[in-house]
1. Here are several values of Cα extents along the principal axes in Å: [x] 60, 32, 26; [y] 57, 31, 27; [z] 53, 32, 28. Which one was derived from the coordinates shown?
2. DSSP loop (so not H, G, I, E, B), at most 10 other Cβ within 10 Å: list which trypsin sites (Lys or Arg not before Pro) in segment 1-45 pass both filters.
3. Tell me the trypsin sites (Lys or Arg not before Pro) within segment 54-155 that lie in a loop according to DSSP and have at most 11 other beta-carbon atoms within 10 Å.
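Read the figures in this text as sums done on the coordinates, not as results from a lab. Worth saying up front: this structure is predicted, and the values here are computed from it rather than measured. Glycine gets a Cβ as well: all are built from the backbone with ideal geometry, and neighbour counts include every protein chain shown.
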Amino acid sequence: MTRRTITNDSFVMERRYAAAPSRVFHAFADRDTKAEWFGCEEGWEVTEYSMDFRVGGKEVWQLGPPGGTVHRNDTTYHEIVPNERLVWSYAMRLDDRCISVSLASVELQPDGAGTLLTLTEHGMYLDGYDDGGDRERGTREGLAKLDAYLQRSKA
């Protein structure tokens, strides 16, 4: 019989962006904009992407290397304060195996002409997938992609 385990981990990241809080918020809130910076690794295919950005709304990303492991992220939005705060939970799957469930928040504060973003995540890693360090690295890379997008798309 397989032993079931849960490993818990949390992290907080702060990033400064040379963009107003409204632009940073828009990058999370707008489906097409988010698709430009979030979720895809080089050479991977997105096979499903949907976003219903409202409290109680769902977002789904399904992607992976062609012919390889399917990565799926199912998100539910719990709190949305435009230009200030987002709170969501999400479950991640590799093929049909749930590997983690997380609760996350993003806070946006004016910082001079830009934005201070604070991201907090509390993760529960299931049945041997207990490397919160991978999640933290992936989140750091995602926030770097957000920065690149914001610089590329300056208004």
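1. Here the calculated entry is [y].
2. Arg3, Arg4
3. Of the trypsin sites (Lys or Arg not before Pro), the ones in loops of segment 54-155 whose Cβ has at most 11 other Cβ atoms within 10 Å are Arg54, Lys154.
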